[in-house]
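Enquirer: Before I ask anything, here is the structure I am working with.
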Protein chains: 2
Amino acid sequence: MSGRAVTIAEVARHAGVAVSTVSYVLSGKRAISADTRRRVLDSVQMLGYHPNAGARALASRRANVIALVLPLRAGMHVPVLMQFATSVVTAARRYDHDVLLLTADEGSDGLRRAAASALVDGLVLMDVELHDDRVPFLRELAEPSVLIGFPADPSGLTCVDLDFTRAGALCVEHLAGLGHRKLALLGAPSVVYERGTGFARRTWEGFTEAVDRYGLTGVALPCEETFEEVAATVGGLLEHNPDLTALVVHNETAVNHVLGALRLYGRRVPEDVAVVAICPDDIAERSSPPLTSVLVPAEDVGREAVRLLMDKLEGRAVPEGTLLEPRLTTRGSTRPDPA
Amino acid sequence: MSGRAVTIAEVARHAGVAVSTVSYVLSGKRAISADTRRRVLDSVQMLGYHPNAGARALASRRANVIALVLPLRAGMHVPVLMQFATSVVTAARRYDHDVLLLTADEGSDGLRRAAASALVDGLVLMDVELHDDRVPFLRELAEPSVLIGFPADPSGLTCVDLDFTRAGALCVEHLAGLGHRKLALLGAPSVVYERGTGFARRTWEGFTEAVDRYGLTGVALPCEETFEEVAATVGGLLEHNPDLTALVVHNETAVNHVLGALRLYGRRVPEDVAVVAICPDDIAERSSPPLTSVLVPAEDVGREAVRLLMDKLEGRAVPEGTLLEPRLTTRGSTRPDPA
DNA sequence: CCCCGTTGTCGAAGCGCTTCGACGCTCACC
DNA sequence: GGTGAGCGTCGAAGCGCTTCGACAACGGGG
């Protein structure tokens with residue numbers, strides 16, 4: 001543990017073989033007799049050998065590290081970010097890679113630094129915005145990258161995300177199936193739309209498109225995140241749309257405030273108003289009543305992003321865009337329209 | 001950008017000096033004439049040279065990377081974790097270090113791997129529990145580490161945290177100063193206390209101690225996180241303690257439910273019940289009314305952890321325990337007791 | 001005027017690993 | 001019995017950097 005670290009040379013000596021043989025045993029890049037392999041592996045075990053990452057990176061021109069670039073400011077809900085991060089780490093470990101954490105506030109320079117110094121072999125960027133400075137840079141970069149989220153022009157890139165358009169539509173389909181005719185979407189705070197964050201817009205479009213397709217009436221509004229603003233929005237909505245029977249909420253922070261506001265205005269969920277949320281499962285489950293929801297499959301997206309990056313690292317071709325199919329879970333907040 | 005990377009040898013050739021001279025210019029470890037320095041720096045600029053991290057690590061026996069170990073499951077509020085993480089990254093960058101992200105689910109083995117392979121020079125562990133498996137391991141480890149949070153026995157380690165005992169006491173002092181005589185603490189979910197998470201207990205102790213010291217009456221309860229459980233807890237509390245005028249809430253997730261429950265029971269904040277929260281500022285500000293709060297200074301804790309780790313890496317002595325002083329911000333949820 | 005301490009620079013020896021080419025075997029095949 | 005194709009192993013050449021010791025060149029003090 002302490003003192004000088006064990007080197008491959010010591011393992012070789014201990015096992016009575018050449019250094020290169022140890023290397024080949026460990027990498028499996030050449031055939032080695034079962035007998036020799038055993039001896040080497042035993043020595044590795046015995047001496048507690050761990051290959052030096054720097055030396056390995058230098059010689060093999062592969063750091064076995066990928067970068068995970070966090071968004072500067074969360075356009076998405078923070079716990080979801082965290083789920084992404086841990087799922088990326090877990091997935092990367094399965095490919096024997098580690099994860100270097102970068103924040104977006106270094107901008108493209110940070111990415112260049114990490115890539116040019118061969119600190120990392122590839123990059124995963126989270127929460128990419130529609131018009132992101134780093135996108136042109138990534139196109140030029142020799143190191144492969146995968147984006148979580150879609151920029152306005154995804155050509156020449158590799159992007160993964162939940163299919164938010166489908167998610168918005170799915171909510172409408174569920175509600176339409178229950179007989180609701182008049183729906184509303186409460187979305188992200190308006191600043192998020194102005195910033196051009198893709199997922200918020202895409203949900204909005206999916207909602208609108210499905211409402212039209214089913215011949216329903218629907219209204220979509222941005223939604224701020226303090227209780228008072230939410231209450232005002234919900235109040236206005238109910239007042240102007242007395243026949244409203246269903247709400248789609250795509251705003252993790254506000255969703256509990258929405259339920260609070262409905263309580264405040266004496267509307268029961270789901271008897272008077274049905275609610276579908278697009279949010280992580282834990283929020284949906286912890287609400288009262290538990291919410292029918294379409295979850296953001298952070299886990300899956302992270303894993304998929306890593307898989308795509310590994311494919312690119314191996315030189316395999318990958319699709320430009322990967323959209324993950326949303327799944328809706330029915331819980332207590334939706335029920336056939338009583339009307 | 002693409003093609004082979006620029007090496008120090010190319011810089012040296014371009015500047016007409018020896019490789020070692022370039023190295024010394026860049027590291028500043030030997031005196032170099034202003035003239036030579038200029039030439040070298042120009043060449044670096046011109047060629048877009050970035051030292052190869054692996055080679056540097058190999059030769060200097062310093063990776064210039066530290067590990068950040070995320071908790072397996074959040075005992076603390078997730079957004080706070082994220083703040084920690086970004087502040088650690090930002091602070092590390094100021095010392096010219098990068099951050100490798102590890103999850104706790106690899107346990108001690110993961111730490112050993114990262115340390116033994118010289119991937120990282122030191123470790124920062126988040127959300128350490130009172131009886132953490134990794135603690136004995138860290139004591140033995142040659143690489144220095146800093147813990148965020150205190151284990152039961154912090155001897156031989158370096159730990160940083162907010163002084164939660166003081167935070168609990170500070171809330172009581174604030175309320176006592178406003179004339180409140182009968183207080184309650186709503187804490188973390190009971191499972192957190194059972195798990196032996198230090199910060200939850202310490203707040204509890206600080207609260208209790210200060211209540212005694214001021215000769216007040218106080219009751220402390222764990223608090224679950226669904227609206228219904230919170231409402232039940234708050235309801236029971238109000239019923240059994242009709243003279244209760246103040247609440248301390250140390251549970252970021254539940255705090256909005258607490259406010260909702262108080263609304264539900266017709267108690268106005270702060271007229272009927274004063275509320276002090278221990279939570280991040282953004283939650284306190286976004287509540288209605290905005291909450292008087294003691295914030296968890298994630299930013300400061302992360303920065304301090306990195307500073308301590310850098311000190312250890314340089315061989316400087318550091319204190320075993322560092323407690324950060326809490327600060328209370330008065331907002332709309334507390335006001336002199338009307339009684 | 002000589003010697004020695006500074007200052008600035010260079011060359012070369014690693015750091016610990018991967019990988020390439022070489023080489024000695026064994027064995028199947030004709 | 002000769003030949004060629006694996007198979008298993010070895011030695012050595014780097015990978016790109018840091019750092020140590022050496023050494024000119026230059027002054028200042030005796």
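Enquirer: List the residues, sorted by chain then number, that are 5 or more residues from B:V276 or on another chain and whose placed amide H is less than 5 Å from its amide H.
Expert: B:L247, B:V248, B:V249
Enquirer: Tell me, what is the per residue accessible area of chain B in Å², probe radius 1.4 Å?
Expert: Accessible surface, normalised per residue, equals 41 Å².
Enquirer: If the protein assembly as shown were replaced by its equivalent ellipsoid, with semi-axes equal to the square roots of 5 times the Cα gyration tensor eigenvalues, what would those be, largest first, whole Å?
Expert: 48, 33, 23
Enquirer: Quick one: 3J(HN,Hα) in Hz for the stretch B:177-183, Karplus 6.51/-1.76/1.60 with θ = phi - 60°, rounded, Gly and Pro as x.
Expert: Karplus-based 3J(HN,Hα) across the stretch B:177-183 equals x, 8, x, 6, 10, 10, 10 Hz.
Enquirer: Follow-up question, since we're still on this one. In whole Hz, with x marking every Gly and Pro, tabulate ³J(HN,Hα) for the stretch B:83-95 from phi via Karplus 6.51 cos²θ - 1.76 cosθ + 1.60, θ = phi - 60°.
Expert: For the stretch B:83-95, the Karplus curve yields 4, 3, 4, 5, 6, 5, 4, 4, 5, 4, 4, 5, 9 Hz.
Enquirer: How big, on average over all directions, is the shadow cast by the Cα convex hull of the stretch B:164-296, in nm²?
Expert: It is 7.0 nm².
Enquirer: Could you check which residue among A:D98, A:D42, A:D121 shows the biggest mean-square fluctuation in a GNM of chain A with a 10 Å Cα cutoff?
Expert: A:D42
Enquirer: Oh, and also: Would you pull out the residues with amide H under 5 Å of A:C159's amide H, same chain only if 5 or more places away, H placed 1.01 Å from N?
Expert: Amide H neighbours of A:C159, under 5 Å, 5+ apart: A:L147, A:G321, A:T322.
Enquirer: Right, another one. Nm distances between the label at B:P136 and the same-position labels in the remaining copies, 7 Å along Cα→Cβ, shortest first?
Expert: 5.8
Enquirer: Right, another one. Give me the distance between the Cα centres of the stretch B:179-193 and the stretch A:86-106, rounded to whole Å.
Expert: Taking the Cα centre of the stretch A:86-106 as reference, the centre of the stretch B:179-193 is 38 Å away.
Enquirer: Return the long-range amide H neighbours of B:D132 (sequence gap of 5 or more, or a different chain), with a cut-off of under 5 Å between placed amide H atoms.
Expert: B:A152
Enquirer: HN-Hα J couplings of the stretch A:33-41 from phi, Karplus 6.51/-1.76/1.60, θ = phi - 60°, integer Hz, Gly and Pro as x?
Expert: Per-residue couplings from phi come out as 5, 3, 5, 4, 3, 4, 4, 4, 4 Hz.
Enquirer: Can I ask one more? Just B:N256, B:N241, B:N52 to compare: in a GNM of chain B, with alpha carbon springs under 10 Å, which one fluctuates most?
Expert: So, out of B:N256, B:N241, B:N52, the one fluctuating most is B:N52.
Enquirer: Longest exposed-loop-site-free stretch of chain B, with chymotrypsin sites (Phe, Trp or Tyr not before Pro), DSSP loop and at most 15 other Cβ within 10 Å?
Expert: In chain B, the maximal stretch lacking such sites is B:96-264.
Enquirer: Quick one: label points 7 angstrom along Cα→Cβ at B:S27, distances to the other copies in nm, smallest first?
Expert: Result, one decimal in nm: 2.7.
Enquirer: Cα atoms only: what Rg and Dmax, in Å, come out for the stretch B:8-51?
Expert: Here Rg and the maximum Cα pair distance are 8.9, 24 Å.
Enquirer: Checking an interface number: how much accessible area is buried between A and B, summed over both chains, with a 1.4 Å probe, in Å² rounded to 100?
Expert: The A and B chains share an interface burying roughly 4500 Å².
Enquirer: For the stretch B:173-324, what does the relative contact order come out to in percent, with C-alpha contacts under 8 Å and a separation of six or more?
Expert: 20
Enquirer: Calculate what fraction, in whole %, of the accessible area of the stretch A:69-174 sits on carbon and sulfur atoms when a 1.4 Å probe is rolled over the protein chains.
Expert: 51
Enquirer: Rg to Rh for chain B: what is it, with Cα atoms only and Rh by Kirkwood?
Expert: When Rh is taken as the Kirkwood radius, the ratio is 1.13.
Enquirer: I would also like to ask the following. What are the trypsin sites (Lys or Arg not before Pro) within the stretch B:201-284 that DSSP puts in a loop, where the Cβ has at most 10 other Cβ atoms within 10 Å?
Expert: B:R268
Enquirer: Would you jot down the residues in the stretch B:10-55 that end up with at least 20 Å² less accessible area in the complete protein assembly than in the chain alone, with a 1.4 Å probe?
Expert: B:H50, B:N52, B:A53, B:G54, B:A55
Enquirer: Estimate the FRET efficiency between B:D243 and B:E320 by the formula 1/(1 + (r/R0)^6), using the beta-carbon distance for r and 51 Å for R0, to the nearest 0.05.
Expert: E between B:D243 and B:E320, to the nearest 0.05, is 0.75.
Enquirer: Report, in debye and to the nearest 20, how large the dipole of the stretch B:164-296 comes out about its Cα centre when Lys and Arg carry +1 and Asp and Glu carry -1 on their Cβ.
Expert: Charge dipole, the stretch B:164-296, about its Cα centre: 260 debye, nearest 20.
Enquirer: With contacts defined as alpha carbon pairs under 8 Å and 6 or more residues apart, what's the relative contact order of the stretch B:1-108 in percent?
Expert: Rounded, it is 23 percent for the stretch B:1-108.
Enquirer: Label-to-label distances across copies for B:G16, with labels 7 Å out along Cα→Cβ, in nm, shortest first?
Expert: 5.9
Enquirer: Given the stretch A:2-134 reduced to its alpha-carbon atoms as identical point scatterers, what log10 I(q)/I(0) does the Debye formula return at q = 0.14, 0.17 Å⁻¹?
Expert: Debye intensities relative to I(0), on a log10 scale: -0.76, -0.93.
Enquirer: Once you've got the GNM for chain A with C-alpha springs shorter than 10 Å, pick whichever of A:A169, A:A15, A:A210 has the biggest mean-square fluctuation.
Expert: A:A15
The values are calculated or read from the model by the stated rules, or taken from the named source; none is laboratory data. It should be emphasised that the depicted structure is a prediction, and the values quoted were computed from it without experimental measurement. Because the Cβ atoms are built from the backbone with ideal geometry, glycine has one as well, and the counts that use them run over all protein chains shown. Just the protein is used for accessible areas: all its heavy atoms, side chains included, with ligands, DNA and RNA removed. Shrake-Rupley method; radii C 1.70, N 1.55, O 1.52, S 1.80 Å.
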